[in-house]
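Chemist: To start, I am sharing the structure in question, which I have written as structure tokens.
The values are calculated or read from the model by the stated rules, or taken from the named source; none is laboratory data. None of these values were measured; they are calculated from a predicted model. Note that we place each Cβ from the backbone using ideal geometry, even for glycine, and neighbour counts take in every protein chain shown. Just so you know, the surface numbers come from the protein's heavy atoms only, side chains and all, with ligands and any DNA or RNA stripped out. Shrake-Rupley method; radii C 1.70, N 1.55, O 1.52, S 1.80 Å.
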Amino acid sequence: MALDTLYILIAEDEPRQAEILKFNLEEEGFRVGLAPDGLKALEMIDEALPDLLILDWMLPEVSGIRIMKKLRKEKETKSLPVIMLTARGEEDDRVRGFEVGVDDYVVKPYLPSELVARVRAVLRRSHPEMQEEKIEYAGIELDLVKLRVSRDGDPVELASTELRLLKALMSHPGRVFSRNRLIDLAWGTTIYLEDRSVDVAVRRLRKALNEGGKADIIRTVRSEGYAIEESASRY
């Protein structure tokens, strides 16, 4: 499972802290939603079940503890992975958090990199397929740890944007990704770009992958977007 298919919801009422965390998670390739209070968090969970919830203990409207109790009572959310954020560092508060079903517990202030590492650890437990460190398709190998790409054994030099584009396309071979979806995956949901930016980046990706006369495996679907397919060179 590719990271860009995983959706993380952050329920945090401190805007700056929420945006910093959102930025760091999106940089790692996750899709991220923000809820400024407990009521909005519950609404967003009902609309689209996240793969993981980052939940502040002291939320307006509905507290983190009340949200946890509600989630663990319902069949759809009973096993939803949750990381609790709180300024409470006392041992009894941590015990209470785990008693209501929290998967991990992070005390503020924290380093964003630490929390991202905790997110990965919790997701690995709930999504064993994330243990996979490489994606391979049609002779292309993408090392998700070292962020290196090769094709038929030859190294392929890619900038970070093209690497994220490739990861998105390789996560679902044959699937057509719209330009808007690729913008979300490669640049983030907070950035506005024109479709032309995607076309330019795909051209750069194609050029790098096709170095040495290799067949083009990125298919352009007019008015729709792009897909990666072994038979793309026939189109």
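Chemist: List the residues whose amide H sits under 5 Å from the amide H of G33, counting only those 5 or more places along or on another chain, with H placed 1.01 Å from N in the peptide plane.
Modeler: Distant-sequence amide H within range of G33: I8, L9, I10.
Chemist: Amide H to amide H under 5 Å from I140: which residues, 5+ apart in sequence or cross-chain, H placed 1.01 Å off N in plane?
Modeler: Amide H neighbours of I140: D152.
Chemist: Any idea how far apart T161 and E99 come out in nm if each label point goes 7 Å out from Cα toward Cβ?
Modeler: 5.2 nm
Chemist: Compare the Cα positions of W57, I83, F177 along the charge dipole of the chain (+1 at Cβ of Lys, Arg; -1 at Cβ of Asp, Glu; about the Cα centre) and return the one farthest towards the positive end.
Modeler: F177
Chemist: Between the stretch 161-189 and the stretch 9-25, what is the C-alpha centre distance in whole Å?
Modeler: Answer, in whole Å: 23.
Chemist: At 1.4 Å probe size, with every protein chain present, just tell me what the per residue accessible area of the chain comes to in Å².
Modeler: That works out to 53 Å² per residue.
Chemist: With θ set to phi - 60° and the Karplus curve 6.51 cos²θ - 1.76 cosθ + 1.60, what are the ³J(HN,Hα) couplings of the stretch 162-177 in order, to the nearest whole Hz, using x for Gly and Pro?
Modeler: The phi angles translate into 5, 5, 5, 4, 4, 4, 4, 5, 6, 5, 9, x, x, 6, 8, 9 Hz.
Chemist: For L59, enumerate residues with amide H under 5 Å from its amide H, sequence gap 5+ or separate chain, H modeled in the peptide plane.
Modeler: Excluding prolines and chain starts, which carry no amide H, the hits are G64.
Chemist: Could you give each residue of the stretch 29-42 its phi-based ³J(HN,Hα) in whole Hz, using Karplus coefficients 6.51, -1.76, 1.60 with θ = phi - 60°, and x for Gly or Pro?
Modeler: Calculated HN-Hα couplings, in order: x, 7, 8, 9, x, 10, 10, x, 8, x, 5, 5, 4, 5 Hz.
Chemist: I would also like to ask the following. Starting with the highest mean, order 102-109, 30-37, 209-216 by the number of other Cβ atoms within 10 Å, averaged over the residues of each peptide.
Modeler: 30-37, 102-109, 209-216
Chemist: Further question: What fraction of the Cα pairs in the stretch 7-128, stated in percent, has a spacing above 23 angstrom?
Modeler: The share of Cα pairs beyond 23 Å in the stretch 7-128 comes to 20 percent.
Chemist: With θ set to phi - 60°, apply the Karplus curve 6.51 cos²θ - 1.76 cosθ + 1.60 along the stretch 45-60 and write out the HN-Hα couplings as whole Hz, x wherever there is a Gly or Pro.
Modeler: 5, 5, 6, 8, 5, x, 7, 7, 10, 9, 10, 6, 5, 9, 8, x
Chemist: Straight-line reach from K108: which lysines have Cα under 28 Å away, leaving out those fewer than 8 places along the same chain?
Modeler: The reachable lysines, counting only those whose Cα sits under 28 Å from K108, are K22, K40, K69, K70, K73, K78.
Chemist: Could you order peptides 47-60, 112-125 by the average number of other Cβ atoms within 10 Å of their residues, highest first?
Modeler: Top of the packing list down: 47-60, 112-125.
Chemist: Taking the simple approach of a point 7 Å from Cα along Cα-to-Cβ for both T220 and R66, what is their distance in nm?
Modeler: For T220 paired with R66, the spin-label model returns 5.5 nm.
Chemist: Okay, moving on. When the chain is fully extended, how far beyond the present Cα-Cα distance does K78 get from V107, taking 0.36 nm per residue of separation?
Modeler: 8.1 nm
Chemist: Determine the sum of side-chain charges near I228: Lys and Arg each +1, Asp and Glu each -1, restricted to other residues whose C-beta is under 11 angstrom from that of I228.
Modeler: Charge balance near I228 sits at +1.
Chemist: What percentage of all Cα-Cα pairs in the chain are separated by more than 33 Å?
Modeler: Distances greater than 33 Å cover 27 percent of the Cα pairs.
Chemist: Dipole magnitude of the chain about its Cα centre, charges +1 at Lys/Arg Cβ and -1 at Asp/Glu Cβ only, in debye to the nearest 20?
Modeler: For this selection, approximately 440 debye.
Chemist: Quick one: with all protein chains in place, what share of the accessible area of the stretch 110-173 is carbon or sulfur, to the nearest percent (1.4 Å probe)?
Modeler: That fraction is 48 percent.
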